[in-house]
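Q: Take this structure first; my questions come after.
None of the figures in this text is laboratory data; all of them are computed from the coordinates on show. Not measured: the values here are computed from a predicted model. Glycine gets a Cβ as well: all are built from the backbone with ideal geometry, and neighbour counts include every protein chain shown.
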Amino acid sequence: MKKRRFRLKNHEELLVREAMPADAAQVLGHVQRIAEDSENLTFTAEEMALTVQEEEEILKRSKESENDVFLLGFIGEELVASLVFSGGKRSRVRHAGEFGMAVLKKKWNLGIGGILMDSLIDWARETKFIRKIHLKVRVDNEPAIHLYAKKGFKREGTLSRGFMVEGEFVDLLCMGYEL
């Protein structure tokens, strides 16, 4: 995927590009900040225990894979967003995969999530073999659900007790996009 620039609602410029192994330290810092800001992730800040070398290897494998992509969004030099899509590894599920996305809280509501999703869908179309994109989202994350629906994702079911946050269960909504 080529680098692309977008104008945000606040008139800042967002650069979207694929992650490279050299981005590992910056990605780890970004993920740590996101985990401290949000209870919408599958992990807490304390559970982020990867080394820079381990993250470099993850980014290298993603770059080399035909059906994985790791997108980064920058405003200036600051990493403000990431989207990770992982496709199936076996022949019967290679055509489908799931993604997770994170945007710094201070940059919410600027259109960054929609831009990353459009970039993912464009990348999937370019692969010519990704035919299904899955996601799971907390049922109480209405802004995210609205964005996914606006981008064409359909509700496919609910996973009860998919999350546990501070001792409370939260259901997850499963959504999908067919290419």
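Q: Grab the other residues whose beta carbon is less than 13 angstrom from that of residue 104, score K and R as +1, D and E as -1, and report the net.
A: 0
Q: Only loop residues by DSSP count here, and only those with at most 10 other Cβ atoms within 10 Å; note down the GluC sites (Glu not before Pro) in region 77-179 that meet that.
A: 77, 166
Q: Got a sec to turn the phi values of region 71-82 into Karplus ³J(HN,Hα) couplings, 6.51 cos²θ - 1.76 cosθ + 1.60 with θ = phi - 60°, whole Hz, x for Gly and Pro?
A: Going residue by residue, I get 9, 10, x, 10, 10, x, 8, 8, 6, 10, 7, 8 Hz, with x marking Gly and Pro.
Q: Follow-up. List the lysines whose Cα sits under 18 Å from the Cα of residue 105, skipping any in the same chain fewer than 8 residues away.
A: 9
Q: Here is a follow-up. Considering only the other residues whose Cβ falls under 13 Å of the Cβ of residue 113, what net charge follows from Lys and Arg at +1 and Asp and Glu at -1?
A: For residues surrounding residue 113, the net value is +4.
Q: Related question: Tell me which lysines have Cα within less than 24 Å of residue 128's Cα, excluding those fewer than 8 residues away on the same chain?
A: Correct list for residue 128: 2, 3, 60, 63, 89, 136, 150, 151, 154.
Q: Ok, one more. Kindly work out what percent of the DSSP beta bridges joining two residues of region 1-137 are antiparallel, to the nearest 5.
A: Of those bridges, close to 90 percent are antiparallel.
Q: Now, a different point. In the chain, which longest range has no trypsin sites (Lys or Arg not before Pro) that are both DSSP loop (not H, G, I, E or B) and surrounded by at most 11 other Cβ atoms within 10 Å?
A: Here the longest run is 10-88.
Q: Run the numbers for residue 46 and residue 125: contour at 0.36 nm per residue of separation, minus the present Cα-Cα distance, in nm.
A: So the extension gain works out to 24.8 nm.
Q: Could you give the spread of the C-alpha atoms of region 50-104 along their three principal axes, from largest to smallest, in whole angstroms?
A: The principal-axis extents, from largest down, are 40, 23, 17 Å.
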